[in-house]
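Read through the structure below, which is laid out as structure tokens, and then see the notes.
Each reported figure results from applying straightforward, stated rules to the coordinates on display, with no laboratory input. It should be emphasised that the depicted structure is a prediction, and the values quoted were computed from it without experimental measurement. Glycine also receives a Cβ, built like all others from the backbone with ideal geometry; neighbour counts cover every protein chain displayed.
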Amino acid sequence: MKVILEQKIREAISAIQEEGVLPVFDIPEIHIERPKDEQFGEYTTNIALMVAKVAGKNPREIAEKIIGQLTKNNQQEKMFEKIEAAGPGHLNFYLSQGVLGSVLSSVLEKGKDFGNLDFGRGIKINNEFISANPTGPLHLGNARGGFLGDTLSRVLRKAGYEVTNEYYVNDAGEQIVKLGHSVLKDSEAVYGGEYIEALHEQLVANNKEKNPDAWEVGRTAANIVLEQHIKKTLAEKMNVPFELFVSERKNIIEGGYVDKAIDMLKEKKMVYENEGALWLRTTDFDDDKDRVLVKGDGTKTYFASDCGYLLYKMERGFQVLLLTLGADHHGYVARMQAAAKALGFSGEMKFFLVQLVKLVKDGQEVRMSKRAGNIVTIDELIERVGYDVARFFFLMYAPETHMSFDLGLAEEHSAKNPVFYVEYAHARLASILRKAEEEGYANEDGDASLLVHPKERALLREISFFPELVEMVAREYTVQRLPQYAIRLADTLHSFYDTCRVIDEKERPLTLARLRLIRSAKIVLGETLNMMGIEAPEKM
């Protein structure tokens, strides 16, 4: 709808220019928004102020001229109920009942495919997220990035993109040696917790070898952690699927991609030697300093592995690379963007830096157990509050914001808990439809023109916004909009239900119209929850 409206506004301004009222100039970009208060219509724009600034005219006069042109055109198309000029020159648009009502036909015809878009068709996206070191169970920070990444992939697929969820297994670095020492329980031990005790019992206590090697023990332990902790949590607890797990050691180093990347950079003359080390000129691509690829002793750096992994992604034909990282990886962004440019990647590269999560109850930080030492695992949290609650709570906040996970609210099994509030709205819709079926109301086509009550119109308005929501999240990577929309839609549904009686034997035409509205709302709310990976219950 926004695209159509933008086109009509542009045509109206062009027509005013042709009349000589405005000079000819390039029309500024038209920003169309949905006003927070529904009394100001379905859409609003400040284009009259923008045009007035360029043309040196009074913005209110420009607004009235645009309204006049659009109103003239609207006599035939009936797209708007009315258009108003507000304030110094803002334009507020109220869609006609026919346009809003037609949305219901689209929802019921397309079902779960309502809101599907195709602007991402033909574009391959690599979405790498979590990628926690295989040195222990997944914690709350990993979960936050995990739910973010998976939900984003769900939305991107709905927008038509071809998305690969990818997990990079850092199994070749110093952390593997540290894990080995921790399992051995020697003087260089770093990690602790119940899982380390279990690994020690499995790999050391029952091992007759007198002097086990920390690297070998670490490699074996890392594989056990990956298979028995991380992958199990992802599949059984978090419901986060990955198409591919990429091993740094096997796929990137032993697969030859590190050497291949370095050779490519040498051929491009983007490297130099200094003090025996090989450096990449990342400062040529806006990094704050050049980065070492190979140390003086011949050891390849982590950055060299990163370059190899980038090349591995490029060779698979991805046009967009998404990377979700912890907040402590802020300095990683510029060097990776520089490496991508040096290697010749010309697509989009987007980083999400996920801030820390603090678990609180009654204003105090909470620690739950020692399964993974001094951290709280996502397994423990989900066992305590439930999968849907954990996922919804993490998705409510933009990744760049610090988050306090309110354990008290998460454990609340009432409408105070936003998850139950939204899920109850879906269950209530299902209940209404079951009752309608019991009372003999088939899926007859109701007349949407009867839905003129302010509460009905408000619900129509929210339903019509859904395709725009999908587009906004897919283009801007703002998954926090999904739970925000779900809560807003639930608010509107509960308000409608409390005011408007849905099934009324004396008002059969209106009942059929309202049931049509209810069926559409159920589809949209259900699909919103589905994109978040959260259950849409039929009963509660």
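Restricting the calculation to Cα positions, tell me the Rg (one decimal) and the Dmax (whole number) of the range 373-466 in Å.
Cα only, the range 373-466: 19.1, 62 Å (Rg, Dmax).
Please give the helix 466-476 orientation as an angle from the longest Cα principal axis of the chain, in degrees from 0 to 90, rounded to the nearest 10.
The two axes meet at around 40 degrees.
Expressed as an acute angle from 0 to 90° and rounded to the nearest 10, what is the orientation of the C-alpha long axis of helix 59-77 relative to the principal long axis of the chain?
For helix 59-77, the angle is close to 70 degrees.
Could you tell me the calculated FRET efficiency between Asp406 and Glu315, based on Cβ-Cβ distance and R0 = 56 angstrom, to the nearest 0.05?
Using R0 = 56 Å, I get an efficiency of 0.80.
Quick check on the range 387-436: what are the equivalent-ellipsoid semi-axes from the Cα gyration tensor, as sqrt(5λ), descending, whole Å?
Values for the range 387-436, descending: 27, 12, 7 Å.
What distance in nm lies between label points placed 7 Å from Cα along the C-beta direction at Gln364 and Glu348?
Here the modelled spin labels are 4.6 nm apart.
Check which residues have an amide H placed less than 5 Å from Phe80's amide H, if you skip close sequence neighbours.
Amide H neighbours of Phe80, under 5 Å, 5+ apart: Ser96.
Tabulate in residue order the Karplus-calculated ³J(HN,Hα) for the range 492-500, using 6.51 cos²θ - 1.76 cosθ + 1.60 with θ = phi - 60°, rounded to whole Hz; enter x for Gly and Pro.
5, 5, 5, 5, 4, 5, 5, 9, 10
Along each of its three principal axes, how wide is the spread of alpha-carbon positions in the range 124-354, in whole angstrom units, largest first?
52, 51, 28
Please work out how much length the chain gains when fully extended from Glu383 to Lys78, using 0.36 nm per residue of separation minus the C-alpha to C-alpha distance, in nm with one decimal.
So the extension gain works out to 104.4 nm.
Return the FRET efficiency for the residue pair Lys295, Ala198: r is the Cβ-Cβ distance, R0 is 45 Å, and the value is rounded to the nearest 0.05.
So the FRET efficiency works out to roughly 0.80.
Name the residue farthest towards the positive end of the dipole of the range 418-532 from the options Ala486, Leu429, Leu515, assuming +1 on Cβ of Lys and Arg, -1 on Cβ of Asp and Glu, about the Cα centre.
Ala486
Compute the semi-axes of the equivalent ellipsoid of the range 1-54, taking the square root of 5 times each eigenvalue of the Cα gyration tensor, and list them largest first in whole Å.
Whole-Å semi-axes of the equivalent ellipsoid: 23, 12, 9.
Can you work out ³J(HN,Hα) from phi for every residue in the range 170-179, in order, using Karplus 6.51 cos²θ - 1.76 cosθ + 1.60 and θ = phi - 60°, giving whole Hz and x for Gly and Pro?
7, 10, 10, x, 4, 5, 6, 5, 5, 5
Over 25 Å between Cα atoms, which of Lys231/Lys361; Lys237/Lys361; Lys110/Lys313; Lys232/Lys522 qualify?
Listed pairs above 25 Å: Lys231/Lys361; Lys110/Lys313; Lys232/Lys522.
Using alpha carbons only, how many degrees (0 to 90, rounded to 10) separate the axis of helix 302-315 from the longest principal axis of the chain?
Roughly 50 degrees between the two axes.
Given R₀ = 22 Å, FRET efficiency for Asp284-Asp263 by Cβ-Cβ distance, to 0.05?
After rounding, the FRET efficiency stands at 0.75.
Evaluate the relative contact order of the range 2-95 (contact order divided by residue number), counting alpha-carbon pairs under 8 angstrom at least 6 apart; express in whole percent.
Normalised by residue count, the contact order of the range 2-95 is 28 percent.
May I have the extent of the alpha carbons of the range 363-522 along their three principal axes, as whole Å values ordered from largest to smallest?
Result, largest extent first: 64, 36, 24 Å.
Using the Karplus curve 6.51 cos²θ - 1.76 cosθ + 1.60 with θ = phi - 60°, what ³J(HN,Hα) values do you get for each residue of the range 32-39, in whole Hz, with x for Gly and Pro?
10, 10, 9, x, 5, 9, 5, 5
Kirkwood Rh, Cα Rg: Rg to Rh for the range 287-407?
Taking Rg over the Kirkwood Rh, I get 1.09.
Would you mind calculating the gained length between Lys231 and Arg121 on full extension (0.36 nm times residue separation, minus the Cα-Cα distance), in nm to one decimal?
So the chain would gain 36.6 nm between Lys231 and Arg121.
For the chain, what is the charge dipole size about the Cα centre, in debye to the nearest 20, if Lys and Arg each add +1 at the Cβ and Asp and Glu each add -1 at the Cβ?
That gives a dipole near 360 debye.
Ignoring solvent entirely, what values of log10 I(q)/I(0) come out of the Debye formula for the chain at 0.07 Å⁻¹ when each Cα is a single scatterer?
The calculated log intensity ratios at q = 0.07 Å⁻¹ are -0.54.
Under the rule of at least 5 residues apart or a separate chain, name every residue whose amide H is placed under 5 Å from the amide H of Leu353.
Leu325
Counting only C-alpha contacts under 8 Å and six or more residues apart, can you give the relative contact order of the range 233-332 as a whole percent?
The value is 23 percent.
So what does the Cα-only Debye profile of the range 2-95 read at q = 0.13, 0.19 Å⁻¹, as log10 I(q)/I(0), no solvent term?
For the range 2-95, the Cα-only Debye profile gives -0.38, -0.83.
At a threshold of 8 angstrom on Cα-Cα distance, excluding pairs fewer than six apart, so keeping six or more, what relative contact order does the chain reach in percent?
With pairs under 8 Å counted, the relative contact order is 15 percent.
Show the residues, 5+ positions off or on another chain, whose built amide H is closer than 5 Å to the amide H of Gly193.
Hits under the 5 Å cutoff: Gly373.
What fraction of the Cα pairs in the range 478-529, stated in percent, has a spacing above 17 angstrom?
42
Run lengths n ≥ 4 of DSSP H only: what is the helix-derived mean residue ellipticity at 222 nm for the chain, with -39500 (n - 2.57) per run over all residues, to the nearest 500?
Estimated from H runs of four or more residues: -15000 deg cm²/dmol.
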